[in-house]
Every structure is written in structure tokens, then in C-alpha cells.
Amino acid sequence: MEDFLKEMADILDEESVNESDRLDGFDAWDSLAILSVIAMADSRYRAAFSAQQVRAAGTVGDLYRLLSASAKAG
Amino acid sequence: MNLVFHGKKIEGLLAILPANERLFVDEMDQFDFPRARSLKLKEVMGYDRHRIVDGAVCVSDLAVAGFEHLFAQGLLGRDDFDALILVTQSPDYLMPATSSVIQGRLGLKHDMFCMDINQGCAGFLIGLYQAFMLLEQPAIRRVALVNADVMSRKVSVRDRNSYPLIGDAASITLICRGEKDTPIHANLKMDGSRREALMIPAGGLREPSSPETRIPHADDEGNLRARDNLVMDGSAVFNFVQTEVPPMIDALLAAAQTNAAAVDAYLFHQPNRFMLQKLADKMQVPYAKMPSNVVEHFGNSSGVTIPLALTLNLRERVLGETLTTVLGGFGVGLTWSSMLLPLGPLAFCDMINYPQVS
């Protein structure tokens, strides 16, 4: 989870992010950030997510649970 | 499907680039995005500059200039080829075929097999397969394969999703029978059910161009484009490439009974640096073996990016020796294909500007 938060902070151009932060509250939550998340999911979890799936996650924590669930399933 | 060809080779290759060069930083303000985010995009994707035709330049203009250069330099005789294949998605007309336009403008002989193929990012490979098949005919001694696109004319200048990466270019590749009967292994897959990932919705007969299809609309992200413009589902394309390409290359090497250690260079289609480096990471290929710098120099010119990756990065080597290359194309269709190709020594491997300054 800590690694994930660090990587999300980097993607979102922030010093740090918290699990409870809403994704659409970040200025940098755009198509580039979403593609960066998709690329992270591919390299970290070997899982393919659509932009719609990623966009539907409400908070940073929701996104973590979405991505890591696929890793366990795979 | 697996394909195999025998006794064919590439003799030489010429790339033709519009002289007009645009910088990403000069174009950022035409997008409805904060500058800081566009600069981040530039850094992550590897955007810098791209070549865009100046005005109403067509595919046949680039191709004719390229052939005239080859004739003038003595690199190709006017009567020394018997087939002209053009791979493009941006033809001069709906009809006739633009290969016929090129033949007519150059005044070439009538014993000529002209053919247009509608393909994009895998177009260099598809064109080579067609050339190899034509060379089975004794009457066909040499094939000129033209890859050319002026897609900047179909991309909205206010679409940050596509415009920064697009590039216009053409290449002419000469293919003939080789002395050696070494096999060329290849494979190819297509999936038309995912055809909407990359498309120009209007302007064909399904949805004719009209005043309505010319009106730009903002998408969810703030990219402005019309139905007449190219639209790309970037994340779907990313997933497609990362999912399909690595197993395709594994299957190619297995079919050829060789392995990655024997490969000198991976010459892949160039969508952007980001996608190629992610692909190299996944395939565990060192970046030095897989050029990813075409988009930052010239933009993504569909089927011309593999010739550009070769001329930009491996010109000296491929003029002097034979390299074991893996070519990879993936994109519109969707289409994905790869080829294990012994390449070189080539007679020429050059780049010229259009129009040429004399």
C-alpha cells in the first residue's frame, strides 16, 4: 500500500496522497494520469484495466482495492 | 497465423519527410489543458517535435518526390520495377487508387502491378508480405513498396490525445529476390471487432462528410474533435499492445526456432516512447535494442515509423552488415504482426525532405 501511495503521488504530481483522497479532487486526474495508472496496473499486477474502470474508482483507496483484487485473482 | 517466405530481401530504403517541423511547446496553447499538464505529457510520452505537411500536400506528392529522387540519384531505374504497392489510410481520392495516381504522374510503363492497401501501423509488414507474394511471379523482378500518410490533415489540432504525436511521412522500400534461400518467418493476427479503437468515423459512405460532421465537439477530457477527425481510444490501444505484442514475439521466435539473444534489433512501430519502453520492460529487451525515438523527432507516421526507426538509428550498420531484426507492427484494424528479417547490407538507407531545397 505504501509503494502504491508513493506511485500515485508521483502520477498526481503531489507531495503525498492519502487513501481517503477523492481522485477527481486532484487537478492532475486527467487522461494522462489514468493512462499512467493503467500502465502501473500492467507492470505491477499484470492486469489490463480500461479507462472507464479506473475512472469509476472514487478514492485512492478504492483504486488500490480495484487493482490489488485483480492481482489476487490472477 | 504463421507465415513463411523464402528468397526475398529488402534492397534499399528511402524516407521522405515534410520539411515543416513543429514543436510541441509551440502548440500547447491550442489544447484546452493546463500548461503544466501538457508539459508533463511531453515528458512522460516523449513528445518534442513532429513533421507536418505544410498545406494541402497529398500522399502522391511525397511519393512522386521520393521516386524522382531515386531516379535522379541512379538508385532505381524508371523501368526496373514491376509492381508499385502503396499502403495508406489517407489516399488522394476515394477512387482511383493513389498507386495509379503515382504511376501516372511518373509516367511509368504499363507493365506495372499497382495496388493500394488500407493499413496503418502494421502497414510496413503488410506491404512487405504483399511484395514477397508478388515476387513469386517471374514477371515481377522488383517491387517498390510505398508507405505514406498525411494523417495530420485528419487530426484535429485541438485534440491533445492525438495531435502532439501525429506525423506525416512516406517511405519507398525496394524488394527483390534474394540470392540466399533463408526463410523469413512472420506472424499476423487481426481483430475487426475492436475496429473502433482507431478510426475516422465520418467521410466514408457509412457516414458521409457533412456540415454536421465538421463541427468539433469536446470529449470528456476537453479534447475538441469532429466526426471527420481521427479518434483514438488511447488506453484501449495501450492495453491491446501490452497484451498482444509480447506473446506474438515469443511465438515468432519459437516458430523460427531461435531466441531473443540472436536478435540484433527490434524495429517496432512507434506510437510514442512511453508505450515502447513499457513494451521493452515487459519483454525484458534492453532499450538499446529497441529504438523508441521516432515520435520525439518526427511524430508517428503510421506505416512509415519502422523505416524511420531504421534510418534514424541503424543506417550505418545496415549499410555495412546483415542485422537480425524483429519487425513489429500493431494498430488500426486492429492488426498486429511481426517478422524475423535478416536486413542488410542495403544499397541505400536515406532520408530526404519534402520539398527538397536545391
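Derivation of every value follows stated rules applied to the coordinates shown; laboratory data play no part. In this text the structure is predicted, and so the values were computed from the model without any measurement. Neighbour counts run over all protein chains shown; Cβ positions are idealised from the backbone, glycine included.
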Which whole-Hz couplings ³J(HN,Hα) result when phi for each residue of the stretch B:140-150 is put into the Karplus expression 6.51 cos²θ - 1.76 cosθ + 1.60, θ = phi - 60°, listed in order with x for Gly and Pro? 9, 8, 8, 10, 9, 9, 9, 10, 7, 8, 10
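Of all beta bridges DSSP finds with both residues in the stretch B:204-358, what is the antiparallel percent, to the nearest 5?
75 percent
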Grab the protein assembly as shown and count how many Lys pairs have their alpha-carbon atoms under 25 Å apart, sequence gap of 8 or more, or different chains. 25
Looking at chain A, which GluC sites (Glu not before Pro) are DSSP coil and have at most 11 other C-beta atoms within 10 Å of their C-beta? A:E15
Sorted by chain and number, the residues with a modelled amide H under 5 Å from that of B:L323, at a separation of 5 or more or across chains, are B:L343, B:G344
For the stretch B:336-342, Karplus-derived ³J(HN,Hα) couplings (6.51, -1.76, 1.60; θ = phi - 60°; whole Hz; x for glycine and proline) come out as 9, 7, 9, 8, 9, 10, x
How would you rank A:M40, B:M275, B:M1, going from fewest to most other Cβ atoms within 10 Å of each one's own Cβ? B:M1, A:M40, B:M275
Computed FRET efficiency, Cβ-Cβ of A:Q52 and A:E2, R0 30 Å: what is it to the nearest 0.05? 0.60
Under the Karplus curve 6.51 cos²θ - 1.76 cosθ + 1.60, θ = phi - 60°, whole-Hz ³J(HN,Hα) for the stretch B:11-18, x wherever Gly or Pro sits: 8, x, 8, 10, 9, 10, 10, x
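Using a Förster radius of 30 Å, what is the FRET efficiency between B:D111 and B:L319 based on their Cβ-Cβ separation? Nearest 0.05, please. Mind dumping the intermediate values first?
Details: r = 31 Å, r/R0 = 1.03.
Rounded to the nearest 0.05, the efficiency is 0.45.
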Can you pull out the trypsin sites (Lys or Arg not before Pro) in the stretch B:185-290 that DSSP calls coil and that have at most 13 other Cβ atoms within 10 Å? B:R206
Rounded to 10°, Cα long-axis angle of helix A:60-73 versus longest principal axis of chain A: 10 degrees
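Indicate the helices, whole DSSP H runs only, in chain B that combine a mean Kyte-Doolittle hydropathy of 0.0 or more with a Cα extent along their long axis of 30 angstrom or more.
Both cut-offs are met by B:234-255.
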B:I117 long-range amide H proximity, modeled H, under 5 Å: B:L86, B:V87, B:T88
Chain B, helix-only ellipticity at 222 nm - DSSP H runs n ≥ 4, -39,500 (n - 2.57), divided by all residues, nearest 500: -8500 deg cm²/dmol
Residues whose placed amide H lies under 5 Å from that of B:F268, excluding near-sequence neighbours: B:G328
Label-to-label distance, nm, for residues given as B:A254 and B:E196 (7 Å Cα→Cβ offset): 3.3 nm
